[in-house]
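Asks: The structure's right below; bear with me while I get my questions together.
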Amino acid sequence: MSVDGRVRAAIGTTAFLILAPGVVTGLVPWLITGWQPGSTQPAAMVAAGAVLTAAGCVVLLQAFGRFVLEGVGTPAPPAPTEQLVVGGLYRYVRNPMYLALQAIIIGQVLLLDRPALLYYAAAVLAMTVAFVRLYEEPALARRYGEQYEAYRRAVPGWLPRRPSAAKRLSTRR
């Protein structure tokens, strides 16, 4: 793959990162809460929220980076990857980006003690699962065929498998 292709993939992926997850985990929670805490919560709750939010951000950025480096494309449906992305966290779970979104929002629930964000997280989860089932999985099956079906059989969609199981699978290939 040419440098131009990766640069285009990086630009598209960055734009999509700002547009989709930026709105879902940044703009909408801000509109709901104004980033104002609901009450004075225990320091442990704030710390747990900060850790969960930060971890979600790290996972999200790592997953988005995989689309550029491994897939040479973007997570955006109009500009899909050339290759199926199966490395990094995708060895353990098929949907690390969506799980990261949930971690970020739940982290904000703990940071701000705002129950409305918990309802928002549930709505985001429902919409995400519907999107994956009704659009994303069929689109990936059409685009990547048996490669995606084998990946789908080997890697769970929502509950990550243990790293040792993923390592055994990767040594069999």
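Each value in this text was obtained by applying a stated rule to the coordinates, not by laboratory testing. Being a predicted model, the structure only gives us computed values, none of them experimental. Every residue, glycine as well, gets a Cβ built from its backbone with ideal geometry; the counts of neighbours run over all protein chains shown.
Asks: Give the distance, in whole Å, between the Cα centre of region 102-140 and the Cα centre of region 84-98.
Replies: First find each Cα centre; the distance between them is then 17 Å.
Asks: Okay, next question. Arrange the following residues from fewest to most other Cβ atoms within 10 Å of their Cβ: LEU99, LEU31.
Replies: Starting with the residue having the fewest Cβ neighbours, the order is LEU31, LEU99.
Asks: If a helix is a whole DSSP H run, which ones in the chain reach 18 Å or further along their own axis (Cα) and hold a mean Kyte-Doolittle hydropathy of at least 0.0?
Replies: 3-22, 43-69, 96-112, 115-131
Asks: Here is a further query. So what does log10 I(q)/I(0) come out to for the chain at q = 0.10, 0.13, 0.14 Å⁻¹, using the Debye formula with one equal point on every Cα and no solvent?
Replies: The computed values of log10 I(q)/I(0) come out as -0.43, -0.70, -0.80.
Asks: Please give the FRET efficiency for VAL129 paired with ALA47, using the beta carbon to beta carbon distance and R0 = 30 Å, rounded to the nearest 0.05. Please report the intermediate quantities before stating the final value.
Replies: On the way: r = 30 Å, r/R0 = 0.98.
E(calc), rounded to 0.05, equals 0.50.
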